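The values are calculated or read from the model by the stated rules, or taken from the named source; none is laboratory data. Computed from a predicted structure; not experimentally measured. When we count neighbours, we look across all protein chains shown, and the Cβ atoms used for this are built from the backbone with ideal geometry, even at glycine. Surface accessibility is based on the protein's heavy atoms, side chains included, excluding ligands, DNA and RNA. Shrake-Rupley method; radii C 1.70, N 1.55, O 1.52, S 1.80 Å.
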Amino acid sequence: MASVFTNHRATWGKRALALGAGAAATALVLTGCAGGGSGGSGDLNGLIIGTTDKITSLDPAGSYDNGSFAVQNQVFPFLMNTPTGSPDVKPDIATKAEFTDPTTYTVTLKKGLEFANGHKLTSSDVKFSFNREIKINNPNGPQSLLANLKSIDTPNDTTVVFHLDHADQTWPQVLSSPAGPIVDEEVFSADKLTSADDIVKGNAFAGQYVIKTYKENDLISYEANPKYDGVLNKAKTKDVTGQYFTKETDLKLAVQKGDVDVAYRSLTPTDIASLRKDSKLQVIDGPGGEIRYVVFNFKTQPFGTGQSDADEAKALAVRQAVADVVDRSALAKEVYNDTYTPVYSMVPDGLTGAATPFKSMYGDGNGAPDVDKAKKTLSDAGVSGKIELNIQYAPDHYGSASDDEYALLKSQLEASGLFTVNIQSTVYTTYATERTKDAYPEYQLGWFPDFSDADNYLSPFFTKDNFVQNHYDDPTIQKLIADEQEESDKTKRADIIEQAQERQASQISTLPLLQGKSVAVAGKDVKGVELDASFKFRYGTITK
């Protein structure tokens, strides 16, 4: 793994060439949709949804990112789902779902379910869907959400019994998450990812929509699925086209001209402020929940060999010193015009159990940086001289404001006199793979929650087999996560969640920076754009 980092260092200071590759595609997309808001089929009632969010994989076992889930959420069914306007899950393609004992969750499927291709959807497909995620164990997959799953029984075609390792009150929500799409076992491979072409050709969909044509990160055409039989309403618009843009400025221009009906993820804070003044448009604000943070790779960060207690102490001191000198308020104001706010825990404000340990433990104790404290922390650990940090980020995925965000972060760290900082951007399709191969010692990630609960900001990051894959493995926080999942008393559970945050803050596997909200921009003639605490963006509610 060390050799991966050594080879990768030759690329520092060179912007990824692939960033320019999407420009021509974007121009083609804009040309193709000129004429103001008709769907790809020519249906004047069709919708065009524009985004810069990249797709990692159409196969649910190969992705755990918002761009991929935004597509999967339209076309795959779930056992549990969140009705529009609610954060609470209900049975989707099921008639009943309940704990039959503390570690057993039993789901009864609706009878006569079918995929769009005519294949029957039974309990066998459900078992297959979850088991393949665990078996494939893709580095970018959502299987960390299934860490508590022990086994699955299917006594008949309509009954699914989940056996859990320990009691877990969040399990119904897990079934509505990116780990929850149900796929067709006659189309999908049991032990490897299935290509997007095979999925689309197999018409292996049973959600509100089916995909008619698919060109990854360029153009997707959807059609309402008449066979969908779930908790959501039938799709209100038959034809929807998803169009992908390389730059936020192009997305802004497209929604201003009416070439897309809805722009969702992501526009810059400056663009959003400008679009609010456009009388032809509406800006829809949704609840918070998104966070932005820095990950430390415990093997490749400075002193990250893990070969001695002294090295581990020095590595921790480096992370703590970074936490001491970061100025979140400046990042929020100067880069994001306060559309993001400082966050001092991986659990954002507004959720039960949210605390602020990074505020009380680092800097001056009130959210401001403290360079003298950082110097003492490093000196006490035996660290001398300037520390080199190589920080990677992905502006094509997290927005072009990331350029300014990480330039300012670099400036803050170097102004302390303690660090020399190299920043490097990489196109996200490469980034998503490389970050799991120890290529990046420190790097940017963002989080858009799977469901509205503090556990979703803990278990995906800090369980043993977490999706971050930065070699953080702490039995104490793992037990705290298991305990909060089991605890049914709300007050006691909130206390355990606070303890878990404090434990993580003392070790700094990840450094939380900013908390944001969801925003969509649409034409005045568009209705039904719903941004709610389910954190799912659905096309089926939208009309024009």
Fill in: Filtered residue count, the stretch 168-196, keeping only those that are over 20 Å from SER124 (Cα atoms) and touching a strand residue (DSSP E or B) at 6+ places or on another chain (Cβ under 8 Å)
2
Discussion item. Given the criteria among the charged types (D, E, K, R), farther than 23 Å from GLY350 by Cβ and modelled with pLDDT of 95 or more, does LYS464 qualify?
Written reply: no
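Conditions (1) under 22 Å from TYR228 (Cβ atoms); (2) modelled with pLDDT of 95 or more, marked per residue:
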{"site": "THR56", "(1), (2)": "no, no"}
{"site": "TYR64", "(1), (2)": "no, no"}
{"site": "GLY67", "(1), (2)": "no, no"}
{"site": "GLN72", "(1), (2)": "yes, yes"}
{"site": "PRO77", "(1), (2)": "yes, yes"}
{"site": "THR82", "(1), (2)": "yes, no"}
{"site": "ASP88", "(1), (2)": "yes, no"}
{"site": "PRO91", "(1), (2)": "yes, yes"}
{"site": "THR106", "(1), (2)": "no, yes"}
Worksheet entry | Members of the stretch 361-380 found to be open to solvent by 50 Å² or more (accessible area, probe 1.4 Å), part of a loop (DSSP other than H, G, I, E, B) and free of Cβ contacts under 8 Å to residues at least 24 places away in the same chain, listed by number | ASP364, ASN366
Fill in: Odd one out for THR246, checked against (1) in contact with a strand residue (DSSP E or B) (Cβ under 9 Å, 6 or more places away or on another chain); (2) among the polar types (S, T, N, Q); (3) buried (at least 22 other Cβ atoms within 10 Å of the Cβ)
(1)
Discussion item. Checking the structure you have, find out if any residue of the stretch 473-485 is over 27 Å from SER360 (Cβ atoms) and in contact with a helix residue (DSSP H, G or I) (Cβ under 9 Å, 6 or more places away or on another chain).
Written reply: no
Worksheet item: Limited to the stretch 64-75, what total is found for residues that are surrounded by 24 or more Cβ atoms within 10 Å (Cβ to Cβ) and part of a loop (DSSP other than H, G, I, E, B)?
Response: 1
Discussion item. Among the residues that make up the stretch 134-145, is at least one of them open to solvent by 50 Å² or more (accessible area, probe 1.4 Å) and either in contact with a Cys (Cβ under 7 Å, 6 or more places away or on another chain) or without any contact (Cβ under 8 Å) to a residue 12 or more places away in the chain (or both)?
Written reply: yes
Item to complete: Give me the pairs, please: first residue somewhere in the stretch 433-445 and within 20 Å of ASN137 (Cβ to Cβ) and small (Gly, Ala, Ser), second residue anywhere and part of a strand (DSSP E or B) and open to solvent by less than 10 Å² (accessible area, probe 1.4 Å), beta-carbon distance under 9 Å, and either six or more positions apart or on two chains.
Response: ALA439/GLN392
Practice prompt. Out of ASP311, ASP349, ASP324, ASP338, report the one residue that is out of contact with any Cys (no Cβ under 9 Å at 6 or more places or on another chain) and at positive phi.
Written response: ASP338
Fill in: Those residues of the stretch 179-227 which are modelled with pLDDT under 95 and surrounded by 19 or more Cβ atoms within 10 Å (Cβ to Cβ), in sequence order
ASN217
Response to the item:
Residue hits (the stretch 516-544; part of a loop (DSSP other than H, G, I, E, B) and over 19 Å from the mean Cα position of the chain (by Cα)) are LYS524, ASP525, VAL526, GLY528, VAL529, GLY540, THR541, ILE542, LYS544
Item to complete: Note down all Cβ pairs under 6 Å where the first residue falls in the stretch 403-430 and is over 27 Å from PRO139 (Cα atoms), the second is part of a strand (DSSP E or B) and open to solvent by 20 Å² or more (accessible area, probe 1.4 Å), and they're at least six residues apart or on different chains.
Response: LYS410/ILE423; THR420/GLU388
Worksheet, complete the sentence: Those residues of the stretch 294-315 which are surrounded by fewer than 22 Cβ atoms within 10 Å (Cβ to Cβ) and among the small types (Gly, Ala, Ser) amount to GLY306, SER308, ALA310, ALA313
Worksheet entry | Counted residues, the stretch 336-360 - those being at pLDDT below 95 and not in a loop (DSSP other than H, G, I, E, B) | 2
Item to complete: Quick one: which residue in VAL383, VAL325, VAL318, VAL347 is within 24 Å of the chain's Cα centre (by Cα) and buried (at least 18 other Cβ atoms within 10 Å of the Cβ)?
Response: VAL347
Worksheet item: Hey, among the residues in the stretch 217-236 that are farther than 27 Å from LEU175 by Cβ and assigned to a loop (DSSP other than H, G, I, E, B), which one's nearest to the chain's Cα centre (by Cα)?
Response: ASN217
Worksheet, complete the sentence: Within the stretch 253-289, residues being basic (Lys, Arg) and either within 29 Å of MET346 (Cβ to Cβ) or buried (at least 22 other Cβ atoms within 10 Å of the Cβ) (or both) number 1
Practice prompt. Within the stretch 464-497, count every residue that is open to solvent by 20 Å² or more (accessible area, probe 1.4 Å) and in a loop (DSSP other than H, G, I, E, B).
Written response: 8
Worksheet item: Taking the stretch 146-164 as the search range and keeping residues that are part of a loop (DSSP other than H, G, I, E, B) and not acidic (Asp, Glu), which one is surrounded by the fewest Cβ atoms within 10 Å (Cβ to Cβ)?
Response: THR158
